[in-house]
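Worksheet: the structure to be examined is printed underneath.
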Amino acid sequence: MKLKMIAALTLPVLLVSACKKVDEVDIALDIPEVTAPELSVDTMKSITEELSSDAYEGRAPGTAGEEKTLALLTKKFEEAGLEPGNGDSWFQDVPLVSIEAKDVTPLKITGGSEELSFSYGPEMVVTSYQEQGAIDVADSDMVFVGYGVNAPERGWNDYEGVDVKGKTVVILVNDPDFGTESLEGDFGGKAMTYYGRWTYKYEEAARQGAAAALIVHDTAPAAYGWNVVESSWSGPQFYAQSANGGSDQTKANGWIQKDVAAKIFTVAGQNLETQMAAAKEKGFKAIELGTKASVSFGNTISKMDSKNVVGMIKGKTRPDEYVLYTAHWDHLGHCKPAPDGDDICNGAVDNATGTAALVALAEAHTKAGAPDRSIIFLAVTAEESGLLGSKYYAENPIYPLNKTVGGVNMDAFAMAGPANNVVVVGKGKSQLDAYLEAALKNDGRVAEAEPTPEKGYYYRSDHFSFAKQGVPMIYFDGGEDLVEGGPEAGAAVSKDYVENRYHGPKDEYDPNWNWDGVMGDLKVYYTVARMLAMTESWPNWNEGDEFRAIRDKSLADS
């Protein structure tokens, strides 16, 4: 990219101290003044209610629920004044494979002081990434590999000195320094790194040649209860199609309840709590448990092209520079039934609200007229299956990523009422924070860092797919410091949602919701993206951030 000096803008400009380095020259960010219009609460309500109705069957990819979702979104995008975002098409195909475990046998443990058997659902869940009609893990030697981390840059390798090829590894969730109060430590202290995510655990187990990988569920480090695991891991599981049909992956990946793990360790002559403590220390050595695991199941396999939905407003002066809005349209489809028999995970908050926001924001931006840069509205598929839709776009972009200025991700609006703050997931990582702070100034609200970085939310939504490719993305939620009730009331609302609705059949539309906080947050989403679409700056990741070098290289190559 050629060096661009700040040009005189027709809009007033606020200069801030955050800087980006291009060709060894520091340039202050210019932040245009933007006033958010009134956004349509009726659009938010009607689309959220429609998408989360039982007629959409939980919006699982590859189902009739997807077809209905795509039809609704293209209709609403067009009515909002958007243009198709992929040539003359509203869609980007995302090749997926659906694998659903059937007739799962109990997990049997032999070779210890007594035989154990654990049932599918309440005690363990299991699936496979391999496109095989039948999976059989038989008498597989079990190895406890602590947190299952192989991080040479941190001087940490839980697999050092042990051969796990063909064996079943037992792994702890989160990072070795989970539970510390500070942000200092080998793995960011209290804040989770990607090494703490379940996706990484399975990836590394496969690289090590394991036959099966079982993660020990523990509510605090996982950040959700067993009910979420059981709902999320039952039914069809979606993965990106691969040339080898997943043959390089483990045969079986699953979770076991913590008390299940404790029983296994006991019959192996070990103490789970003792070994969990040992696994936190650098130099931990994996333990051969002397037990064997057996489980088998059939797979129902189908391949499909799910779809990302893409709309755009073409920029009037710099149409080949792009700003992104992202939200995922999918949810879990049919899942573990609630006590009343309801088995549809409707996903009203997560993420019919974010999908509705794409439409409401499109309406507002088109009414305001075309900005200088183009704005892309991207509703992605298969977020719940591992960010697959956003990953596919980020790796196969319709618009060049080195021409994509940055973006805003929206995932689950809090129905808690107005708050005095917003919570930024990954605060301090990029210069986009300056735009957010400017957008909040008129509201008298503040941007605060997430209070629970140990839960790893940064790695759990679609902004992460773009961050890995270097594109600055900001992801923030409505705050918990409520105008009515303060932090205690906000924490209670969040706790209730996670425990009783998140990834379950009761995440349903409620006509009595208070939308005031949502609409206030929506104005901030509008303002931040509009600023990015009007400025000439190219905000970057902050110096020293893990994604800075990737972005610097992509800009230098443009």
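Relative to the compact-globule scaling 2.2 N^0.38 Å, provide the ratio for the alpha-carbon radius of gyration of the chain.
0.97
Remind me, what semi-axes does the stretch 151-278 give for its equivalent ellipsoid, largest first in whole Å, using sqrt of 5 times each Cα gyration tensor eigenvalue?
23, 19, 18
Rank these residues by their accessible area, most exposed first, probe 1.4 Å: Lys427, Lys167.
Sorted by accessible area, descending: Lys427, Lys167.
With all protein chains present and a 1.4 Å probe, how do His503, His334 order by accessible area, largest first?
Heavy-atom accessible area, descending, gives His334, His503.
Report, by chain and number, residues whose modeled amide H sits under 5 Å from the one on Asn157, excluding near sequence neighbours (fewer than 5 apart, same chain).
Distant-sequence amide H within range of Asn157: Ala151, Gly283.
Gain in length, Asn514 to Ala138, computed as 0.36 nm per residue apart minus the alpha-carbon separation, to one decimal in nm?
Roughly 130.1 nm would be gained on extension.
If you take the Cα atoms of the stretch 454-558, find Rg, then find the Kirkwood Rh from the mean of 1/r over all pairs, what is Rg/Rh?
Rounded to two decimals, Rg over Rh is 1.05.
Relative contact order of the chain, please, whole-number percent, based on alpha carbon pairs below 8 angstrom and at least 6 residues apart.
21
Step by step: find N for the stretch 163-223, compute 2.2 N^0.38 Å, then divide the Cα radius of gyration by it. What's the final number?
Compactness ratio reported: 1.19.
Taking a probe of 1.4 Å, how large is the accessible area per residue of the stretch 200-250, in Å²?
For the stretch 200-250, the per-residue accessible area is 31 Å².
Divide, for the stretch 504-557, the radius of gyration over alpha carbons by 2.2 N^0.38 Å, where N is the residue count.
So the stretch 504-557 has a normalised radius of gyration of 1.85.
Along Cα→Cβ, 7 Å out, is where each label goes; now give me the distance between the ones at Lys165 and Lys495 in nm to one decimal.
Modelled inter-label distance: 5.0 nm.
Hey, can you find the accessible area per residue of the stretch 287-393 for me, probe 1.4 Å, expressed in square angstrom?
That works out to 27 Å² per residue.
Which entries in the list Lys201/Lys258; Lys68/Lys403; Lys455/Lys506; Lys336/Lys427 go over 24 Å, if you measure between the two C-alpha atoms of each?
Violating the 24 Å limit, Cα to Cα: Lys68/Lys403; Lys336/Lys427.
Quick one: net charge around Gly65, please, counting Lys, Arg +1 and Asp, Glu -1 for every other residue with C-beta under 13 Å from its C-beta.
-4
With a ≥ b ≥ c the root eigenvalues of the C-alpha gyration tensor of the stretch 375-519, is it rounded (a/c under 1.5), prolate (a/b larger than b/c) or oblate?
oblate
On each of the three principal axes of the Cα atoms of the stretch 24-121, give max minus min coordinate, whole Å, ordered largest first.
Reported extents, whole Å, longest axis first: 70, 50, 31.
For every other residue with a beta carbon closer than 14 angstrom to the beta carbon of Lys263, add +1 if it is Lys or Arg and -1 if Asp or Glu, then tell me the sum.
It works out to a net charge of -3.
Regarding the stretch 223-265, what is the average projected area of its C-alpha convex hull, in nm²?
4.6
Accessible area per residue, 1.4 Å probe, Å², for the stretch 465-547: what's the number?
On a per-residue basis, 38 Å².
Considering Cα pairs under 8 angstrom that are at least six residues apart, work out the relative contact order of the stretch 277-431 and quote it in whole percent.
Relative contact order, the stretch 277-431: 32 percent.
Give me the Debye-computed log₁₀ of I(q)/I(0) at q = 0.16 Å⁻¹ for the stretch 75-128, equal point scatterers on Cα only, no solvent, two decimals.
Log10 I(q)/I(0), no solvent term: -0.67.
When the label point is put 7 Å from the Cα of Asp248 along its Cα-to-beta-carbon vector, which residues of the stretch 140-176 have a backbone N closer than 18 Å?
Under 18 Å, as judged by backbone N against the label point of Asp248, lie 150, 165-166 of the stretch 140-176.
Placing unit charges on C-beta atoms (Lys and Arg positive, Asp and Glu negative, everything else neutral), compute the dipole magnitude of the stretch 410-552 about its Cα centre in debye, rounded to 20.
Computed charge dipole of the stretch 410-552: roughly 380 debye.
Leaving out ligands, DNA and RNA, and with a 1.4 Å probe, what % of the accessible surface on the chain is carbon or sulfur?
For the chain, the apolar C and S fraction of the accessible surface comes to 49 percent.
Need the full-extension length gain, Thr274 to Thr105, defined as separation in residues times 0.36 nm minus the C-alpha distance. One decimal, nm.
Result for the pair: 57.8 nm of gain on full extension.
Give me the net charge of Gly161's neighbourhood, meaning all other residues with Cβ under 13 Å from the Cβ of Gly161; Lys, Arg count +1, Asp, Glu -1.
Computed value for this residue: -3.
Using DSSP to define loop residues, name the GluC sites (Glu not before Pro) in the stretch 225-293 whose beta-carbon has at most 13 other beta-carbon atoms within 10 Å.
Glu281
Using only the alpha-carbon atoms, how far is helix 41-51 inclined from the longest principal axis of the chain? Give it as 0 to 90 degrees, nearest 10.
30
Does a label point 7 Å from the Cα of Asp259, set along Cα-to-beta-carbon, have any residues of the stretch 111-146 with amide nitrogen under 16 Å, and which are they?
117-125
If you fit an axis through the alpha-carbon atoms of helix 354-368 and take the longest principal axis of the Cα set of the chain, what angle between them do you get, 0 to 90°, nearest 10?
So the helix axis and the longest Cα principal axis differ by about 10 degrees.
The values are calculated or read from the model by the stated rules, or taken from the named source; none is laboratory data. Small disclaimer: the values here were computed from a predicted structure and weren't measured. Every residue, glycine as well, gets a Cβ built from its backbone with ideal geometry; the counts of neighbours run over all protein chains shown. Note: accessible area is taken over every heavy atom of the protein model, side chains too, but ligands, DNA and RNA are not part of it. Shrake-Rupley method; radii C 1.70, N 1.55, O 1.52, S 1.80 Å.
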